[in-house]
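Peer 1: First, the structure itself, so that you have it in front of you.
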Amino acid sequence: RDIRLKTLAEFRKLGKRLFTIDFCMSKVADEARNSAKKMGAVPYVAVDMTELNLIPSGCPADENPKPVLSLDDARNFMAVSDTRRMGTKTKSVLALVETNQDVLILDVEQGVKQEPLTKQEIYQLKFKKIGSPRKVIARMPLTYAMAGAPYWKPTWTEGNPAWLIATDPSNPDRFTVDYRHTEWKDILGRYLKWIMDLGFDGVMIDDTGSWRYFEEVYPMK
C-alpha cells in the first residue's frame with residue numbers, strides 16, 4: 001500500500017489525473033470516496049458489487065451538469081467491464097445513455113452476445129442524460145486475449161497459435177497470452193487503431209496481470 005501511494009504521488013507531481021475504483025459495502029462507501037478524494041483522485045465506489053457488471057441506480061456522487069472537455073473537468077466516473085447480464089447490446093447502450101457520469105470506461109464489446117459498439121453508439125454515449133458532453137474511454141486488455149474479440153479467429157484455441165498459452169480456469173473465453181510475442185503485439189497495435197477510429201476518447205490499458213502465470217510456471221530464484 002505504501003509503495004502504491006508513493007507511486008500515485010509521483011503521478012500527481014507530473015500533473016496526471018488519478019481515477020480509483022473501490023469495491024465496498026454501502027456502510028463504508030462515503031469513507032472510501034472521501035479517502036480517494038484526499039489523495040486527489042476521482043473515485044468510483046462500486047457498492048455491494050464484486051464485479052463491474054452493473055449500472056448503479058440513482059444519481060452519481062458529485063453529479064456535474066457542466067460539460068466535460070477533458071479528464072481534468074471530471075468529478076466522477078463509472079466503469080462497466082461486463083454488460084452480458086444487461087441483455088442485448090441495444091439494451092446495454094440504452095441503459096448507459098441514461099446515466100450522468102462525467103466519464104464512462106467501457107468494453108468495446110457490449111451485451112450478451114458481446115457485439116462491438118458502432119461509431120453512432122459511441123457518439124450517443126458521449127452525452128450525459130442531461131445533455132452535456134462527457135468522455136468515453138475503451139478498456140483494452142493487454143496480456144489476455146478474449147474469444148469473440150474483433151481480432152479473434154474461429155480456429156484459435158489454447159496453444160494455437162502458440163502464444164495463446166493457457167485458458168483462464170474462471171473464464172473459458174479468456175486466454176493467457178505470451179505478451180512478448182511479435183504477432184500479439186501487432187494484433188494489439190491494429191486493435192488500438194480500430195478502437196480509436198471508432199471514436200473513443202481514449203484507452204484504458206487493463207488486464208496486465210498474466211505475468212503472474214509465468215512467474216508461477218517459471219519461478220524466479
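The values are calculated or read from the model by the stated rules, or taken from the named source; none is laboratory data. From a predicted model like this one, the values you see are computed outputs, not experimental measurements. Note that we place each Cβ from the backbone using ideal geometry, even for glycine, and neighbour counts take in every protein chain shown. Surface accessibility is based on the protein's heavy atoms, side chains included, excluding ligands, DNA and RNA. Shrake-Rupley method; radii C 1.70, N 1.55, O 1.52, S 1.80 Å.
Peer 1: Output the number of residues of segment 9-27 satisfying the condition of being open to solvent by 50 Å² or more (accessible area, probe 1.4 Å) and touching a strand residue (DSSP E or B) at 6+ places or on another chain (Cβ under 9 Å). Explain how you work it out, then say what you get.
Peer 2: Going residue by residue through segment 9-27, those that are open to solvent by 50 Å² or more (accessible area, probe 1.4 Å) are 10-17, 19, 21-23, 25-27.
Right, trim to touching a strand residue (DSSP E or B) at 6+ places or on another chain (Cβ under 9 Å) and you get 11-12, 17, 19, 21-23, 25-26.
So the answer is 9.
Peer 1: Starting from segment 110-125, keep only residues that are farther than 9 Å from VAL93 by Cα, then list their pairs with residues that are hydrophobic (A, V, I, L, M, F, W, C) and open to solvent by 50 Å² or more (accessible area, probe 1.4 Å) whose Cβ atoms are within a distance under 7 Å, requiring at least 6 positions of separation or different chains.
Peer 2: none
Peer 1: For segment 130-221, please list each of the strands (runs of 3 or more DSSP E) lying entirely inside it that holds at least 2 residues being within 18 Å of the chain's Cα centre (by Cα) and surrounded by 11 or more Cβ atoms within 10 Å (Cβ to Cβ). Reasoning before the result, please.
Peer 2: Values: elements: 135-141, 144-146, 164-168, 171-177, 202-206.
Qualifying strands (runs of 3 or more DSSP E): 135-141, 144-146, 171-177, 202-206.
Peer 1: Any chance you could count how many residues in segment 28-51 are crowded, with 16+ Cβ neighbours inside 10 Å and more than 30 Å from MET86 (Cα to Cα)?
Peer 2: 0
Peer 1: On to the next question. Take TYR151 and tell me if it is touching a helix residue (DSSP H, G or I) at 6+ places or on another chain (Cβ under 7 Å) and modelled with pLDDT of 90 or more.
Peer 2: Values: touching a helix residue (DSSP H, G or I) at 6+ places or on another chain (Cβ under 7 Å): yes; modelled with pLDDT of 90 or more: yes.
It is true that TYR151 is touching a helix residue (DSSP H, G or I) at 6+ places or on another chain (Cβ under 7 Å) and modelled with pLDDT of 90 or more.
Peer 1: Among the residues of segment 192-207, is there at least one that is free of Cβ contacts under 8 Å to residues at least 12 places away in the same chain and farther than 21 Å from GLU121 by Cβ? Steps first, answer last, please.
Peer 2: If we filter segment 192-207 for residues that are free of Cβ contacts under 8 Å to residues at least 12 places away in the same chain, which is where we start, we get 193, 196-197.
Filter again for farther than 21 Å from GLU121 by Cβ, leaving none.
Checked segment 192-207: no residue is free of Cβ contacts under 8 Å to residues at least 12 places away in the same chain and farther than 21 Å from GLU121 by Cβ.
Peer 1: Quick test of your reading of the structure: ALA95 fulfils all but one of (1) in contact with an Asp or Glu (Cβ under 8 Å, 6 or more places away or on another chain); (2) at pLDDT 95 or above. Name the failing condition by number.
Peer 2: With respect to (1) in contact with an Asp or Glu (Cβ under 8 Å, 6 or more places away or on another chain); (2) at pLDDT 95 or above, ALA95 is out only on (1).
Peer 1: For the subset of segment 71-82 comprising residues that are open to solvent by 10 Å² or more (accessible area, probe 1.4 Å) and not aliphatic (A, V, I, L, M), which member is farthest from ASP197 (Cα to Cα)? Show your work before the answer.
Peer 2: Narrowing segment 71-82 to residues open to solvent by 10 Å² or more (accessible area, probe 1.4 Å): 71-73, 75, 81-82.
Among the residues that remain, those that are also not aliphatic (A, V, I, L, M) are: 72-73, 75, 81-82.
On the way: ASP72: 23, ASP73: 24, ARG75: 27, SER81: 20, ASP82: 22 Å.
My answer is ARG75.
Peer 1: Looking at segment 83-126, which of its residues are open to solvent by 30 Å² or more (accessible area, probe 1.4 Å) and assigned to a loop (DSSP other than H, G, I, E, B)?
Peer 2: THR88, GLU98, VAL112, LYS113, GLN114, THR118, LYS126
Peer 1: Follow-up question, since we're still on this one. In segment 52-63, is there at least one residue being surrounded by 12 or more Cβ atoms within 10 Å (Cβ to Cβ), of a type outside the set (S, T, N, Q), closer than 17 Å to MET78 by Cα and in contact with a Cys (Cβ under 9 Å, 6 or more places away or on another chain)?
Peer 2: No, segment 52-63 contains no residue that is surrounded by 12 or more Cβ atoms within 10 Å (Cβ to Cβ), of a type outside the set (S, T, N, Q), closer than 17 Å to MET78 by Cα and in contact with a Cys (Cβ under 9 Å, 6 or more places away or on another chain).
Peer 1: Okay, moving on. For segment 102-120, what are the residues that are at pLDDT 95 or above and within 20 Å of THR50 (Cβ to Cβ)?
Peer 2: Selection gives ILE105, LEU106.
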